[in-house]
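Next up is a structure, given as structure tokens.
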Amino acid sequence: MSKVASGKIKKSSSKLLDEFNASIMFDKELYKEDIKGSIAHVKMLYKQGIISNESMRKIIDGLEVIKKEIENGEYNFDIKDEDIHMSIENRLTKLIGDDAKRVHTARSRNDQVALDFRMYVLRNFKEISTLLLELEKVLLDIEKEHVETLLPGMTHLQHAQPINFAYHLLAYSSMFKRDIERFESSYKRNNISPIGCAALAGTPYKSDREYEAELLGFESVSINCLDTVSDRDFALEMLFNISVLMMHISRLSEELILWSSSEFSFVELSDEYSTSSSIMPQKKNPDVPELLRGKTGRCYGNLISLLTVMKGLPLAYNKDMQEDKEGVFDSVKTVKISIKILTEALKTMSIKADKMQQATKVGHLSATDLADYLTTKCGYTFRDAYKLTGEIVGYADDKGKDVSELSLKELQKFEPNIKDDVLSILQLKNSMNARNSQGGTSIEQTKKQIEFFQKWLDS
Ligand code: ARG
């Protein structure tokens with residue numbers, strides 16, 4: 001029978017219940033936080049005169065031993081102990097005897113689990129941000145090399161207007177920057193200590209929550225204990241932030257998959273980060289971006305699953321809430337390895353600037369510039385200019401040419417007022433550079449964006 005069931009419940013629990021009720025198989029992930037929290041807790045109990053110095057010492061030493069046992073793989077995680085909190089307390093009792101039974105004074109597993117889980121989530125907000133900064137650096141390195149690499153900018157996956165590759169990747173730099181800021185703001189908002197709330201209503205002991213929070217590095221102490229032991233918003237924020245980040249990663253992955261197809265051939269993933277087919281020897285498959293795209297699904301699932309667990313729960317703690325951890329652990333692990341492997345795949349992929357350049361010759365990317373020319377230089381309304389440009393594009397198609405390759409004579413057949421200045425306007429690089437409005441794709445604006453990200457990374 002587990003130690004927790006020894007109050008009102010006299011018979012030992014059934015094996016089936018032990019198995020069903022236990023969370024130790026997964027919440028052992030929280031052992032570091034649990035030990036850290038207990039050490040801070042007994043320091044506070046001693047400072048407040050609730051336990052003796054000797055008890056505190058013995059407990060801390062015992063907890064350090066347990067930490068080593070776990071880290072050396074010598075620790076026995078037993079489902080009979082139910083969860084990591086009871087497991088460590090039971091082991092401590094075996095190690096140091098009755099003093100161990102003082103560690104749970106003025107707290108409950110409800111604030112204990114809220115503390116451990118929150119500390120885990122806070123630590124990972126930071127670790128994920130750090131990994132994302134590495135990804136940002138790699139993107140920026142690529143961007144610096146490709147300001148002059150033209151490729152077709154697309155809408156509806158159709159050639160639209162010429163842009164450069166740096167500009168395209170800068171869109172992702174912007175997304176990942178928002179992601180980092182989201183993790184950082186979640187960290188700030190949730191850096192609040194839950195410990196000392198006890199089961200739901202606070203504790204009659206003269207505890208010092210401020211001191212305990214300070215020992216654990218929290219910014220402040222939670223306001224209302226009932227809320228604190230019921231609150232899993234911090235975990236939901238983690239799942240939401242990861243979901244948005246994975247959605248960004250998935251969109252980039254989708255582009256990498258397209259770009260590495262023979263139809264695009266814009267990039268080639270390195271051998272190290274590509275896989276082969278079991279039957280077709282000529283194949284090199286983009287499994288990395290495909291898996292990144294695929295893993296996004298489970299991260300969304302984890303978010304929806306915890307939102308659903310929480311939605312109907314009366315205050316305060318309910319055992320349903322034990323379901324909060326596996327999804328978070330899974331999403332955190334998934335997103336960390338995802339960022340790492342994406343960073344490496346980008347760092348090692350080759351970029352085929354010539355193929356990108358070649359692709360700009362298709363799809364009349366400067367057709368909008370021709371319409372603008374007819375409007376500003378030849379007195380057309382934009383709608384009429386749009387219509388005439390459509391006719392010119394049709395003609396170019398018939399001739400197997402891009403609109404930027406038409407001669408002045410050919411253009412003048414449609415509109416005699418077109419002058420030879422149009423020829424340079426229709427050149428793709430000039431078309432790109434014409435988009436010099438703030439945040440646009442011109443080389444000047446692209447360089448400004450790179451500078452912005454460089455400053456941000458340096459700060
Ligand atoms: N293993 C539990 C969980 O993860 C710990 C809290 C248990 N509290 C309780 N009153 N049963 O949620």
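Express in nm, to one decimal, how much length is gained between K336 and E444 on full extension, taking 0.36 nm for each residue of separation and deducting their alpha carbon distance.
35.4 nm
Give the calculated FRET efficiency between N417 and Q454 to the nearest 0.05, with a Förster radius of 41 Å applied to their Cβ-Cβ distance.
Once the sixth-power term is evaluated, E becomes 0.35.
Between helix 233-259 and the chain, what is the angle of the helix's C-alpha long axis to the longest principal axis, kept within 0 to 90° and rounded to the nearest 10?
30 degrees
With contacts defined as alpha carbon pairs under 8 Å and 6 or more residues apart, what's the relative contact order of region 4-120 in percent? Intermediate results must be reported in sequence, preceding the final value.
Details: 106 pairs, mean separation 43.1, N = 117.
About 37 percent, as a whole number.
If you project the alpha carbons of the chain onto the principal axes, what extent comes out on each, in Å, largest first?
So the three principal-axis extents are 99, 52, 40 Å.
Next question, about the same structure. Just the number, please: carbon plus sulfur as a percent of the accessible area of the chain, 1.4 Å probe, no ligands or DNA/RNA counted.
About 52 percent, which is the carbon plus sulfur part of the accessible surface.
May I pose another question? For S52 and K126, what does the FRET efficiency come to when R0 = 51 Å and r is the distance between their Cβ atoms, rounded to the nearest 0.05?
Given R0 = 51 Å and the Cβ-Cβ separation, E is 0.90.
In region 314-343, which trypsin sites (Lys or Arg not before Pro) are in a loop and have at most 13 other Cβ atoms within 10 Å, using DSSP for the loop call?
On the way: sites: K319, K325, K333, K336, K340; in loops: none.
Hits after loop and neighbour filter: nothing returned.
Determine, at each q value in 0.16, 0.18, 0.20 (inverse angstroms), the log₁₀ of I(q)/I(0) that the Debye formula gives when each Cα of region 269-316 is one equal point scatterer.
-0.61, -0.67, -0.74
Using Cα pairs under 8 angstrom and six or more residues apart, how large is the relative contact order of the chain, in percent?
16 percent
Taking the Cβ-Cβ separation of E134 and K355 as r and a Förster radius of 30 Å, what is the calculated FRET efficiency to the nearest 0.05? Intermediate values should be presented prior to the final figure.
Values: r = 28 Å, r/R0 = 0.92.
Approximately 0.60, to the nearest 0.05.
How many Å² of accessible area per residue for the chain, probe 1.4 Å?
Working: 22480 Å² over 459 residues.
Per residue, the chain has an accessible area of 49 Å².
Another question, then. Within the chain, what is the longest stretch that has no GluC sites (Glu not before Pro) placed in a DSSP loop and near at most 11 other beta-carbon atoms within 10 Å?
On the way: sites that count: E74, E263.
Here the longest run is 264-459.
Now a separate question. Compute the helix-to-body angle for 287-310: its Cα long axis versus the longest principal axis of the chain, expressed 0 to 90° and rounded to tens.
Result, in degrees: 50.
Quick one: helix 53-71 against the long Cα principal axis of the chain, what's the angle to the nearest 10°, folded into 0 to 90?
50 degrees
By accessible area of protein heavy atoms, probe 1.4 Å, what ranking do S185, S437 get, highest first?
S437, S185
Please state the charge dipole magnitude for the chain, taken about the Cα centre, from unit charges on C-beta atoms (+1 on K and R, -1 on D and E), reported in debye and rounded to the nearest 20. Numbers along the way, then the final one.
On the way: 63 positive and 70 negative charges, 187 e Å.
The calculated dipole for the chain is roughly 900 debye.
Give the residue from L423, N433, V335 lying farthest towards the positive end of the charge dipole for the chain; charges sit on Cβ (+1 for Lys and Arg, -1 for Asp and Glu) and the dipole is referred to the Cα centre.
After comparing all options, I get V335.
The values are calculated or read from the model by the stated rules, or taken from the named source; none is laboratory data. Source: prediction; values computed, not measured. Quick reminder, even Gly has a Cβ in these numbers, built from the backbone with ideal geometry, and neighbours come from all protein chains shown. Only protein heavy atoms, including side chains, enter the accessible area calculation; ligands, DNA and RNA are left aside. Shrake-Rupley method; radii C 1.70, N 1.55, O 1.52, S 1.80 Å.
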